[in-house]
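Below: one structure, written as structure tokens.
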Amino acid sequence: MCGLEGSKKVQTPMDEQAQVFRAQLQLGQKLQRPISVHCVGAFGRLHEMLHQHAPFPAGLILHSWIGPAEMVDALAKLQGVYFSLSGHLTRMSKKKYEPMVKRVPLKRLLLETDAPDGKPRLGEPYQQKLFSFQRQDKSNEKELNHPTNISVMLELLADIRGEDAEKIADAAYTNASRLFMFVQPAQK
């Protein structure tokens with residue numbers, strides 16, 4: 001995983017992060033491997049750098065994408081860019097995440113749990129369906145995400161997009177298969 005972290009928790013200057021990120025993008029392209037990208041609070045810089053280094057024929061995954069809806073169209077035009085959606089998006093306001101989810105093209109959509117992180121923060125009817133667990137060592141008392149919550153996120157995405165959940169799941173499966181070079185699923 002590589003990327004840019006604009007949060008105050010990270011002490012590394014953005015220019016240094018960008019230099020390392022650039023090298024990681026180039027390495028992924030040279031090795032012809034999918035690149036998994038983490039980005040928090042540096043979406044403008046990410047947008048600029050991805051446009052400078054595109055295309056990504058082996059694929060580039062925007063891990064747990066929480067970027068602005070306005071950026072989706074431009075990034076989706078870059079060859080090989082995929083938006084991986086997880087429970088992290090529910091930490092944004094509905095006003096921000098719903099338009100973003102609607103703009104992600106099905107042919108570029110992936111689903112992920114990011115478990116044990118990224119437990120969705122949802123109201124009803126979704127909240128009662130979520131599964132979580134506590135750390136055994138009590139070093140961190142927050143509830144942790146569980147991989148089964150991907151089905152709840154799928155239901156949320158289907159409701160937001162006004163599409164059948166099976167259609168979205170099939171698209172995400174096909175995209176992941178293509179991206180990670182699994183055997184292609186049979187066409188229905």
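The values are calculated or read from the model by the stated rules, or taken from the named source; none is laboratory data. The shown structure was predicted, so the numbers you read here are calculated from the model rather than taken from an experiment. Cβ: placed from backbone, ideal geometry, glycine included. Neighbour counts: every protein chain shown. Accessible surface areas use protein heavy atoms only, side chains included; no ligands, DNA or RNA. Shrake-Rupley method; radii C 1.70, N 1.55, O 1.52, S 1.80 Å.
Could you tell me which numbered condition T148 fails, if it satisfies all but one of (1) in a helix (DSSP H, G or I); (2) crowded, with 16+ Cβ neighbours inside 10 Å; (3) modelled with pLDDT under 95?
T148 satisfies all of (1) in a helix (DSSP H, G or I); (2) crowded, with 16+ Cβ neighbours inside 10 Å; (3) modelled with pLDDT under 95 except (2).
Go through region 83-101 and give me each residue that's open to solvent by 20 Å² or more (accessible area, probe 1.4 Å) and either under 14 Å from the mean Cα position of the chain (by Cα) or among the hydroxyl-bearing types (S, T, Y) (or both).
Within region 83-101, H88, R91, M92, S93 qualify.
What strands (runs of 3 or more DSSP E), lying completely within region 1-105, carry at least 1 residues that are of a type in the set (D, E)?
2-5
Scanning region 107-145 for residues that are open to solvent by less than 80 Å² (accessible area, probe 1.4 Å) and of a type in the set (D, E), which turns out farthest from A69 (Cα to Cα)?
Checking each candidate, the answer is D117.
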